[in-house]
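Enquirer: Quick one: this structure, given as structure tokens, is what I'll be asking you about.
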Ligand code: HAM
């Protein structure tokens, strides 16, 4: 009989599998620290310019009742049909992560009785939106918008000023852009146009892709947004909506264009621009960067228009309104592609230390500098002075404060001019005061040079 071989411990221990690193859901992304200067530029330009045009900030929840978007954006739009992140809560509520904000802002205007405020009410917002779209160039499932809405005003000058604002904001960020503009009239005038469009495309039905055949029945205007090459070609001879506009819409549109001419905002008439949301009436526009890159040139940096019927659709009193929203992710990518100089905040002072006592003192000096409003940086966990000085240079520090064992004993600190390399010894209790003086005079010097 064979004796049983004792099993070695090694063989018994189950092999532990290293957990797989978790990936982001498709279409989602991180905005990393290196990208933040561009985002800061967009956030500050858009918000300060909106304030200067008399807009006030509003924040609405990211989660809304699903019905808000079904009614507001339109049942037969791509957004509502295919792209919403909708779910039922444990309490049985049907909710959706907002795919856009205009419907939410109008809901807020109605539910907060903003009708009783002096009109128009001018609001701006900024935040994440969610659309379960096919991820591709400039298309994410979570993306950020900055938007402006003017509620309670039907004048053509408002439409023009909104387009002007979008143009001016991009210009301020260093992006040259052109507005593409059209008028889609009132829902009544659109009925006749839709009929003309349906009969045009019906004669070419056999060449339409399946999706567009469905659109022809349900929402023929969407055919004008089709990216299918055959449809794009057919579109070039399709009837144009401007020929079907009612007199009032036509006059309104002419005035919008005259105002844009007056302020020299570059625009192109785009007779087939209809936008992918159902609430629009009269003016619609999009804004595109002037660039050689065809992919970028085809992706709108923003879009908007008039939506005089939305308040009623959402159960409010008839209230004319207009607005636009930027896609901030797309603007960020343009800023990167065009290598636009995004200001990076340099630090003023780097606090370096050597030895345990030096580190303790430096910790306190750093706090003092920070409290006095000086932009300071440190690397307290580093021991090497060389490594710390390299970091100080990398961060663009104008001055370094160095505190080592000797300085602690003497109650001093070395203050080093990072550009010239000259240094002086300063009483550690006066170091903040000295640096403030130096930084103050440096600022005066640069001001005079300007
Ligand atoms: P929208 O055209 O659907 O309009 O979106 C505005 C902008 O958001 C687009 O021009 C684009 O730059 C950006 N955007 C849209 N979808 C994505 C995506 N999947 N990934 C990245 N960026 C995207 C609206 O949302 C309307 N609420 C605009 C408006 C305001 N109309 C009147 N007031």
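Enquirer: Determine which member of the set 425, 414 is within 28 Å of residue 344 (Cα to Cα) and either modelled with pLDDT of 95 or more or out of contact with any helix residue (DSSP H, G or I) (no Cβ under 7 Å at 6 or more places or on another chain) (or both).
Expert: When all the criteria are applied, what remains is 414.
Enquirer: Any residue at all in the range 375-389 that is in contact (Cβ under 8 Å) with a residue 60 or more places away in the chain, part of a loop (DSSP other than H, G, I, E, B) and more than 30 Å from residue 139 (Cα to Cα)?
Expert: No: zero hits.
Enquirer: If a residue counts only when it is within 21 Å of residue 142 (Cβ to Cβ), at pLDDT 95 or above and near the ligand (Cβ under 8 Å from one of its atoms), which helices (runs of 4 or more DSSP H) contained entirely in the range 281-343 have at least 2 such residues?
Expert: Correct list: 328-337.
Enquirer: Also: May I ask you to say which residue of 180, 202 is more than 23 Å from residue 254 (Cβ to Cβ) and modelled with pLDDT of 90 or more?
Expert: Every option except 202 fails the conditions.
The values are calculated or read from the model by the stated rules, or taken from the named source; none is laboratory data. Small disclaimer: the values here were computed from a predicted structure and weren't measured. Counting neighbours? That spans all protein chains shown, and the Cβs are built from the backbone with ideal geometry, glycine included.
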